[in-house]
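Rule-based calculations on the coordinates, nothing more; no lab input. Remember, predicted model here, so these are calculated numbers, not experimental data. Cβ coordinates were reconstructed from backbone atoms using ideal geometry, including for glycine residues, and neighbour counts include every protein chain displayed.
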Amino acid sequence: MGLTGRAYMLEPVDFHREFTELFAALSTPEGFVQLRARATRLWHSDDPVMRGYIELLHTATPEDWEAGLDEGHVVDWYRILMAGYLIPTPAFHWPDLIKRRLPDLGWSPAEARRLAWGRELQLLAEAHGTPELASRLALHFTLGHKGWLSQDDVETALARLRALDRARFRRNQDLIPVVENAYEVLEAAVTKPDHVLLLVSE
């Protein structure tokens, strides 16, 4: 049925606190080494949750980072340091079908796309990081660095699914398992109100 994905609950406050502290020292040689070392340790971690997450990321490698500070590495490290704050959670089995087919059930294309792929990660930095961190990351985040959903997003999507007109499924029976899976993912996410839902496509 197309692309699948993995999902995690991310604790954004403590994560951004740690990253902001490391980022603030990045202008010094010692700060650069400390942040790079933290990312490298996570990259080589044997923890199965961390490994499963990091293997999905398209980033430079520790060998690349050893060559010196490239501004693009800050985005890599931002994503990799999330690994220390993740809890696995049920994932959308068919995010591509959510994006393409939820409009058949009355969702707008924009709503379906947001549920399937989440918001841009730059917006996560803006919501929970310092203005300095957000503006620095904005220089290197490109569109397509998705995705996460806030608790408001999760609760809104759950309400939309609960309110679906059952009559619409008469012509879209193939979407029943897609919607059931989406409901399962969102119900699990809403039980952790101090976390955000992180979506990573395989």
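All Cα-Cα separations within the chain were binned at 5 Å from zero, giving a P(r) of 1, 7, 15, 19, 18, 14, 10, 7, 4, 3, 1, 0, 0, each value a whole percent of the pairs.
Toward the positive end of the charge dipole of the chain, with +1 on the Cβ of Lys and Arg and -1 on the Cβ of Asp and Glu, the farthest Cα among Ile176, Leu10, Leu42 is that of Ile176.
Under the shape rule built on the C-alpha gyration tensor, where the axes satisfy a ≥ b ≥ c, segment 12-88 is oblate, since a/c reaches at least 1.5 while a/b does not exceed b/c.
Scanning the chain for DSSP H helices at least 15 Å long along the axis (C-alpha atoms) with a Kyte-Doolittle mean no lower than -1.0 picks out 12-24, 29-43, 151-162, 176-189.
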